[in-house]
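The values are calculated or read from the model by the stated rules, or taken from the named source; none is laboratory data. Worth saying up front: this structure is predicted, and the values here are computed from it rather than measured. We place every Cβ from the backbone using ideal geometry, glycine too, and count neighbours over all the protein chains shown. Remember, those area values only see protein heavy atoms, side chains included, never the ligands or the DNA or RNA. Shrake-Rupley method; radii C 1.70, N 1.55, O 1.52, S 1.80 Å.
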Amino acid sequence: VRFRFAPAADTRSGIAPDENSVENVNIAVYRFGVLHSAMFFDGESVPEMTLDAGEYSVYAVGNIGEKTVFPNYEIFMPRWRYRISSTSELGEKGMAFTASDTLKIGKGGGDFTLKMTRMAARCGFRFDASALEGMKVKSVRLRQAALDMAPFGASGSVPENVEDIGDYASEADIAALEKGENHRGRLLPDNTDIWGKVPDKIPDMADRCTYIEVAATVSGNPDGYTGDVIYRFYIGEDTTTDFSVKRN
């Protein structure tokens, strides 16, 4: 069986120059729930594996280097986590990718394509300061972003560790931000007020939910507003109840 890899669509961030590049891949193949074969690939040739006819489960992890990453039994794959110590690792190793699928092998073998998806979420940000004359955005930062995730879990993962200041954008490049999944869910199910999606409402989780922090300064405003200001935006599926950041 020859494996070919199709990366996800192009995107950008401030931490890694090429999020569309898969430099190396660990591949694991399970049969009847047991690890059948594993291999590491980091060259230009197409990786190949010899398998008997039958049905297999295939898992792949890209851009984490050669590691013994897979458990002996497939039942433990949903618990498997990828961890980084800081955002800078993504700049050094590249964006981490994963893929999983079912492979049915006939007597003739053949090609098998794995579509790789990122272990990260993209957050596009646009700030309109026209309503407050004299405001200038100085920086945009992603705060409390995930440092680990379980990519093969069925319903998203909650990180065990977060990074206080993750990806960031300066005045020159505030258009694109990225960082890992943080699947916190609906923490304020009864809230209907967008002004109520604030840390005081989630005291037990305020230091774990991902948010965007915008630092700006105001000068020359005709109404007398002046000085530095910080805006914090908790992100999620809606503006009132949900705090989940989802991968890819």
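In the chain, the alpha-carbon atoms span a convex hull of 140 Å³ per residue. Exposure check, 1.4 Å probe, all protein chains in place: residue 97 carries approximately 0 Å² of accessible surface. Across every direction, the projection of the convex hull enclosing the Cα atoms of region 182-248 has a mean area of 6.0 nm².
Using a 1.4 angstrom probe on the protein heavy atoms only, line up 81, 126, 184 by accessible area, largest first.
Numbers: 81 55, 126 225, 184 30 Å².
Largest accessible area first, the list is 126, 81, 184.
Given their separation in residues at 0.36 nm each and the Cα-Cα distance between them, residue 237 and residue 66 gain 58.0 nm when the chain is fully extended. Over region 44-124, the reciprocal of the mean inverse Cα-Cα separation, the Kirkwood hydrodynamic radius, stands at 15.0 Å. The figure for residue 148 is an accessible area of roughly 10 square angstrom, using a 1.4 Å probe on the protein chains alone.
Taking all protein chains into account, the per residue accessible area for the chain stands at 54 Å² (1.4 Å probe). The length gained by stretching the chain between residue 107 and residue 186 to full extension, at 0.36 nm per residue less their Cα-Cα distance, is 23.6 nm.
Relative contact order for the chain: what is it in percent, counting Cα pairs under 8 Å that are at least 6 residues apart? Kindly include the intermediate steps, with their values, before the conclusion.
Working: 586 pairs, mean separation 48.5, N = 248.
Computed over the chain, the figure is 20 percent.
When only Cα pairs below 8 angstrom with a gap of at least 6 residues are kept, region 45-129 shows a relative contact order of 41 percent.
Can you give the extra length, in nm with one decimal, that the chain gains between residue 100 and residue 1 once fully stretched, where that is 0.36 nm per residue apart less the Cα-Cα distance?
Values: separation 99, 0.36 × 99 = 35.64 nm, distance 1.56 nm.
Result for the pair: 34.1 nm of gain on full extension.
When the surface is traced with a 1.4 Å probe over the full set of protein chains, residue 133 keeps roughly 110 Å² accessible.
For the full complex of protein chains and a 1.4 angstrom probe, list 32, 125 by accessible area with the highest value first.
On the way: 32 180, 125 35 Å².
In descending accessible area the options line up as 32, 125.
Rounded to whole numbers, the Karplus 3J(HN,Hα) couplings from phi for region 149-154 are 7, 10, x, 9, x, 7 Hz, using 6.51 cos²θ - 1.76 cosθ + 1.60 with θ = phi - 60°, and x at Gly and Pro. Sorted largest first by accessible area at a 1.4 angstrom probe radius, with every protein chain in place, the residues 123, 209 fall in the order 123, 209.
Amide H contacts for residue 244 (H built 1.01 Å from N in the peptide plane; partners 5 or more residues away or on another chain; cut-off under 5 Å): 184, 185, 237. For the chain, a simple Cβ point-charge model (Lys and Arg +1, Asp and Glu -1, everything else neutral) yields a dipole of about 580 debye relative to the Cα centre.
Counting protein heavy atoms only, region 122-167 has 43 percent of its accessible area on carbon and sulfur, 1.4 angstrom probe.
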